[in-house]
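What follows is a single structure, written as structure tokens, with notes after it.
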Amino acid sequence: MKPWPWEGNVQDVFAAMLIRHDWEVESLADTASKARGVDVLARRGERLVGAEVKGYPSTGYEDPARAHETKRSSPGGQARTWFAKGVLAALMLREEQPERESLLVLPDTQRYRDLLAATTTGLEAAQVHVVLLREDGTYDCPTWNVDA
């Protein structure tokens, strides 16, 4: 089993949280195979959600052949790249499926909180909601509520 901030675990916790709040999960991307497309599509009544999910980078490689090596890139620098890719995916979802609420779901880390603070105005204007998710299924997001 991979550790909590791995993308697949973040997606699983997010999907379980939606289900607990009476959402129907329409589809989940296979994160292990790095499947393309929207990571989570869900509905609850008339509400439709699309979510891009990112994990938090580790310091080591997952490839067993490189497991003994330390990555050259820092987790903080890589997290910035993942955040940027997540924002782009969420913006593209707004364009392709404007009827859906567009979410970027991230594990709740200080680095992602800092990146969110530096982009709040633009994300709000674009109607992209950043959900900072904890392993227990609780989250912070001032612009989106699972029950609203």
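The values are calculated or read from the model by the stated rules, or taken from the named source; none is laboratory data. Nothing here was measured: the structure is a model prediction, and the numbers come from that model. In this analysis, Cβ positions are derived from the backbone assuming ideal geometry, glycine residues included, and neighbour counts consider all displayed protein chains. Keep in mind that these areas ignore ligands, DNA and RNA; they rest on the heavy atoms of the full protein, side chains included. Shrake-Rupley method; radii C 1.70, N 1.55, O 1.52, S 1.80 Å.
Tabulated data
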| quantity | calculated |
| --- | --- |
| Amide H contacts of residue 101 (H built 1.01 Å from N, under 5 Å, at least 5 apart or other chain) | 48, 49, 50 |
| Unit charges on C-beta of K, R, D, E only; dipole of the chain, Debye | 540 |
| Relative contact order of the chain, defined on C-alpha pairs under 8 angstrom at six or more residues apart (%) | 22 |
| Interchain or long-range residues, amide H under 5 Å from residue 131's placed H | 104, 105, 106 |
| DSSP-defined antiparallel bridges as percent of all bridges, the chain, nearest 5 | 50 |
| Most to least accessible of 68, 129 (protein chains only, probe 1.4 Å) | 68, 129 |
| Accessible area in square angstrom per residue, the chain, 1.4 angstrom probe | 56 |
| Accessible carbon and sulfur surface of the stretch 13-130 relative to its total accessible area, %, 1.4 Å | 51 |
| Note, ³J(HN,Hα) from phi for the stretch 131-148, Karplus 6.51, -1.76, 1.60, rounded to Hz, x at Gly and Pro | 9, 9, 9, 9, 4, 7, x, 7, 8, 10, 6, x, 10, 9, 9, 4, 9, 5 |
| Average Cα contact separation per residue, the stretch 1-55, under 8 Å, 6 or more apart, as relative contact order % | 33 |
